[in-house]
Amino acid sequence: MTREKERERERLSEREREGEGERERERKRDREREKRERASERKRERGRERERERGESE
């Protein structure tokens, strides 16, 4: 009886660890996506600045 409970507890803790791993992967994907979005926004801003400079010099 106690062995069965122990095994069930182990299975539950394994599932919890797997769930935590999945949440961590999701957080990592979100961080990567945000980083890419910020980088592309900076690139667009630099492009707009160049256009302004080009317009002023002409």
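Descriptive notes on the structure:
- Hey, Glu34 surrounded by 10 or more Cβ atoms within 10 Å (Cβ to Cβ) and in a helix (DSSP H, G or I) or not: yes
- Check on Glu58, loosely packed, with under 10 Cβ neighbours inside 10 Å and acidic (Asp, Glu): yes
Readers should treat all values here as calculations from the given coordinates under stated rules, not as data from a laboratory. Because the structure is a prediction, the values reported are computed rather than measured. Cβ coordinates were reconstructed from backbone atoms using ideal geometry, including for glycine residues, and neighbour counts include every protein chain displayed.
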